[in-house]
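Trainee: Below are the structure tokens for one structure; questions will follow.
Every number here is computed from the coordinates shown, using simple stated rules; none is lab data. Computed from a predicted model, the values in this text were never measured in an experiment. Glycine also receives a Cβ, built like all others from the backbone with ideal geometry; neighbour counts cover every protein chain displayed.
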């Protein structure tokens, strides 16, 4: 799954906001459904690992000049939920870029 969120901010401002809101990613999932961990291997890449119903879902966020790309490698079990998950990421992902 790949979702692109456009922005008109500097990369530094996007990084600041992403760091500020990274702990809210778990809230993208229904309460208690997922355990989410994040990390920053470099300044323009945040890794995301979600454990949902015993399944590990790796992913990440790439900060680019004009957009942010959120990717999650959905296991086959969750592929039928791709559409609703993409819609939720588009809706909730905007919160990551909020001031």
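Trainee: Could you calculate the FRET efficiency of residue 45 with residue 80 from 1/(1 + (r/R0)^6), where r is the beta carbon distance between them and R0 is 35 Å, rounded to 0.05?
Mentor: The calculated FRET efficiency here is 0.75.
Trainee: Still on this model: Could you tell me what % of all Cα pairs in the chain have separations over 24 Å?
Mentor: 16
Trainee: In addition: Mind giving me the FRET efficiency for residue 56 and residue 8? R0 is 41 Å, r the Cβ-Cβ distance, nearest 0.05 is fine.
Mentor: Efficiency at R0 = 41 Å is approximately 0.75.
Trainee: In percent, what relative contact order does the chain have, based on Cα pairs under 8 Å that are 6 or more apart in sequence?
Mentor: That works out to 36 percent.
Trainee: Suppose each label sits 7 Å from its Cα in the direction of the beta carbon; what would the residue 98-residue 69 distance come out to in nanometres?
Mentor: Label at residue 98, label at residue 69, 2.7 nm between them.
Trainee: Per DSSP H run of n ≥ 4, the term is -39500 (n - 2.57); total these for the chain, divide by its residue number, and report the mean residue ellipticity at 222 nm rounded to 500 deg cm²/dmol.
Mentor: -7000 deg cm²/dmol
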